[in-house]
Amino acid sequence: MSHYEMPLNLALKYNGWASRELVDFFVKYCETLFKRYKGKVHKWIIVNQINLIVHESFNHLGIASDKVDNLLEAKYQGVHNEMVACAKATKIAHEIDPDNQIGMMFCSNLTYPISHRPEDVLWNMKHNQMEYLYGDIMVRGYYPGYALRYYDEHNIHIEFYPGDEEALKEGTVDFVSLSYYYTRLSGEEPYLHTELGQVPNPDIPASDWGWSIDPVGLRIALNEYWDRYQKPLYITENGLGAYDKVEADGSIHDTYRIDYLRAHIEQMKEAVKDGVDLRGYYPWGPIDIISCSSSEIEKRYGFIYVDYDNNFNGTGKRSKKDSYYWYQKVTASNGEDLG
């Protein structure tokens, strides 16, 4: 329902989610959709990758860094307001149609410890706790103690308005969804001295853009989320951004993308055998579009090639890649034919 399209007027006039006024605006927007599509749409994810606030503060939260005194505090206040709005919207969705199922979505950003040192294991745990934070609140309905300590230690004051605690408790979600692309490492040094609190894993291969390729990490993440929340899971993004070459005959042999998707689907099956209640898999994405992370169309994810370069030179012609025909077989066999 919200996928990084904060109306510019709300960002400029209200400073996005930093303003409490956005709660009522957003709830009204959600209620309008729930009523419009009552009986037609029953599964809803309210906010895309709600935990991406470190380097997505403007296009996610609509908070301009030069309009606040304490950007970190503004981000956490903004996402608090956003989660309250989501909780209120979730309650309304269930009242409008009891068959509605409402989900929250992570960008799966769980890290491995950078070493076996207990200190690194501890700081990695702290990193992952602050990634789990959003699910802990939206699934369980209250703020965990580790978050309150984090706010205290970082001089962050979150303003709770009357009714916020009740709203969070009464508007918990029905399922958990996640995007999964890569894993990284965290520990004492990266957590305390890097912007993202994490560094690349040198022991596994990476894409052309440096995103590690870790299919086993998907199985680990699914188990972690399932064990923590005991809610149905959906993988709502997964894919490989890569350079694609168009051959003289117009074909695109993206075997690397097929290999990537096959390996992740295989690990997804293993997670199901582990007991994970995994309900769906949605790769990113069917057609080449401009990649949000790098603003490049040449970072291609699709099964369908679009003839444009980063400067938008090209014809716009669409061509089916080898992965298109491969994934057609996968879906037709409900994931049984991965050959």
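The values are calculated or read from the model by the stated rules, or taken from the named source; none is laboratory data. Nothing here was measured: the structure is a model prediction, and the numbers come from that model. FYI the Cβ positions are ideal-geometry reconstructions off the backbone, even for glycines, and counts take in every protein chain you see. Ligands, DNA and RNA are excluded from the accessible area calculation, which covers all protein heavy atoms including side chains. Shrake-Rupley method; radii C 1.70, N 1.55, O 1.52, S 1.80 Å.
With r defined as the distance between the Cβ atoms of Asp203 and Arg140 and R0 fixed at 30 Å, what FRET efficiency is calculated, to the nearest 0.05? Given R0 = 30 Å and the Cβ-Cβ separation, E is 0.30. Spacing of the modelled spin labels on Ile289 and Arg20, each 7 Å from Cα toward Cβ, amounts to 3.5 nm. Bridge orientation summary for the chain: considering DSSP beta bridges with both residues in this region, about 25 percent are antiparallel.
Within the straight-line cut-off of under 18 Å between alpha carbons, the lysines reachable from Lys317 are Lys245, Lys299, sequence neighbours fewer than 8 places apart in one chain being disregarded.
Could you tell me whether the stretch 118-160 comes out rounded, prolate or oblate from its Cα gyration tensor? Rule is a ≥ b ≥ c as square roots of the eigenvalues, rounded for a/c under 1.5, then prolate if a/b exceeds b/c, otherwise oblate.
On the way: a/c = 2.99, a/b = 1.31, b/c = 2.27.
Oblate.
Along the axis of the charge dipole computed for the chain (Cβ charges of +1 for Lys and Arg, -1 for Asp and Glu, origin at the Cα centre), the listed residues Asn59, Leu278, Pro113 are led at the positive end by Leu278.
Which links in Lys40/Lys231; Lys75/Lys126; Lys67/Lys88; Lys40/Lys126 stretch past 30 Å when you go from one Cα to the other? Working shown, then result.
Numbers: Lys40/Lys231 23 Å; Lys75/Lys126 18 Å; Lys67/Lys88 27 Å; Lys40/Lys126 41 Å.
Cα-Cα > 30 Å for Lys40/Lys126; rest within.
Here Asp99 and Thr194 are evaluated by their C-beta separation; at R0 = 41 Å the FRET efficiency comes out at 0.35.
Phe175 sits among other residues whose Cβ lies under 13 Å from its own Cβ, and their net charge, with Lys and Arg +1 and Asp and Glu -1, is +1. Consider the candidate values (1) 28, 59, 13, 0; (2) 31, 50, 18, 1; (3) 26, 49, 23, 2, 0; state which one is P(r) over Cα pairs in 20 Å bins from 0, in percent computed from the structure displayed. After the calculation, the listed value that fits is (1).
Could you compute the net charge surrounding Gly187? Neighbours are other residues with a C-beta less than 14 Å from the C-beta of Gly187; K and R count +1, D and E count -1. Please list the in-between numbers first.
Values: positive: Arg117, Lys126, Arg184; negative: Glu119, Asp120, Glu188, Glu189.
With Lys, Arg at +1 and Asp, Glu at -1, the neighbours total -1.
Could you work out what % of the accessible surface of the stretch 49-168 is carbon and sulfur, using a 1.4 angstrom probe and leaving DNA, RNA and ligands out of the count? Walk me through the numbers on the way to the answer.
Values: 2750 of 5220 Å².
C and S atoms contribute 53 percent here.
In percent, how large is the relative contact order of the chain, given Cα pairs closer than 8 Å and 6 or more residues apart?
13 percent.
The label-point distance for Lys43 and Lys169, in a model that sets each label 7 Å from Cα toward Cβ, rounds to 3.1 nm.
Projecting the Cα atoms of Ala18, Tyr225, Gly103 onto the dipole axis of the chain, where Lys and Arg carry +1 and Asp and Glu carry -1 at the beta carbon, places Gly103 farthest toward the positive end.
At a 10 angstrom cut-off on C-beta neighbours, averaged per residue, how do the peptides 4-13, 300-309 rank from highest to lowest? Walk me through the numbers on the way to the answer.
Details: 4-13: 13.7, 300-309: 19.3.
Ranking the peptides 4-13, 300-309 by packing returns 300-309, 4-13.
Could you do me a favour and compute the accessible area per residue for the stretch 166-282, 1.4 Å probe, result in Å²? Before the final figure, lay out each step's value.
Values: 5340 Å² over 117 residues.
Result: 46 Å² per residue.
Treating the Cα atoms of the stretch 1-58 as identical point scatterers in vacuum, please give the log10 of the normalised Debye intensity I(q)/I(0) at q = 0.12, 0.16, 0.17, 0.29 Å⁻¹, two decimals. The Cα Debye sum returns log10 ratios of -0.33, -0.58, -0.65, -1.31. The residue among Leu148, Phe175, Trp209 whose Cα reaches farthest toward the positive pole of the charge dipole of the stretch 134-275, with charges on the beta-carbon of Lys, Arg, Asp and Glu, is Phe175. Set the Förster radius R0 to 41 Å, insert the Cβ-Cβ distance between Ala263 and Arg149 as r into 1/(1 + (r/R0)^6), and round the FRET efficiency to 0.05. Computed FRET efficiency for Ala263 and Arg149 comes out at 0.60.
The stretch 250-321 and the stretch 40-103 have Cα centres lying 26 Å from one another.
Other residues lying with their Cβ under 14 Å from the Cβ of Gly280 contribute a combined charge of +1, Lys and Arg counting +1, Asp and Glu -1. Taking the average, over residues, of other Cβ atoms within 10 Å as the packing measure, peptides 62-72, 214-224, 320-330 rank 214-224, 320-330, 62-72 from highest down.
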